[in-house]
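Any read-out appearing in this document is the output of simple, stated calculations on the displayed coordinates, not a laboratory observation. Given the structure is predicted, the values throughout are model-derived calculations rather than measurements. Cβ coordinates were reconstructed from backbone atoms using ideal geometry, including for glycine residues, and neighbour counts include every protein chain displayed.
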Amino acid sequence: IVERVRAYARSRSSRRESFLLNDAVSRAQANFEASSTLHPRISRTDTGRIAFTGDPLEMELVAYNLIKNAAEAVRSQSDASVEILLSQNATHALLSVSDNGPALSREELELLADPGASFRSSKAEGLGLGLLIVKAIIEKNGGRLSYESSGSRGVTAWVFLPLEKAERGLGNASQDKELT
């Protein structure tokens with residue numbers, strides 16, 4: 001099973017179609033809320049409709065995994081919350097998932113940034129492959145994944161995905177500021 005998942009993470013072939021990234025994130029959020037035993041307060045902001053060309057199931061998997069990880073990070077918080085932001089500028093779509101759990105050290109953030117460094121998971125039931133697959137999907141689509149700790153509480157996962165020329169400008173024009 002692990003070898004099959006690793007092969008999937010390395011795979012460069014997937015279907016490509018035009019779809020709304022908002023819909024993929026909505027499906028991921030709905031699937032998480034329906035199947036998880038974790039119930040943080042989830043808030044979401046979409047600044048416009050974001051057309052994207054790629055594999056909708058893969059983008060749903062990216063969003064689901066980031067939401068699940070954020071929810072697990074706030075598992076013991078009495079005020080557990082996860083915030084999702086979906087936005088775009090002239091050239092990129094942005095998906096960010098933030099939590100109000102414990103802040104991470106620089107070393108812990110570096111380990112998140114390189115999930116392939118080890119296939120270990122801090123979760124008893126985890127294989128340590130979720131973030132590896134997420135990163136592979138994002139990079140396969142020409143994007144990048146980064147993390148930021150917001151000081152005393154919380155971590156934000158940032159997903160930057162390049163938009164094709166036909167997709168640019170279909171969202172909110174007021175979001176044409178630089179996302180990076």
Problem - Separation in nanometres of the label points that stand 7 Å from Cα toward Cβ, at Ser150 and Glu33 - result: 2.0
Problem - Quarter of the Cα convex hull surface for segment 73-112, i.e. its orientation-mean projected area (nm²) - result: 3.8
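With viscosity set to 1.567 mPa s at 4 °C, what whole-number translational diffusion coefficient in µm²/s follows for segment 22-76 from Stokes-Einstein and a Kirkwood radius over Cα pairs?
109
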Fill in the blank from the handout: Applied in sequence order to segment 62-68, the curve 6.51 cos²θ - 1.76 cosθ + 1.60 (Karplus, θ = phi - 60°) yields integer Hz couplings, x standing for Gly and Pro, of 4, 4, 4, 5, 5, 5, 4
Completion exercise
Computed over all unlike Cα pairs, the Kirkwood hydrodynamic radius of segment 12-118 in Å stands at 15.0
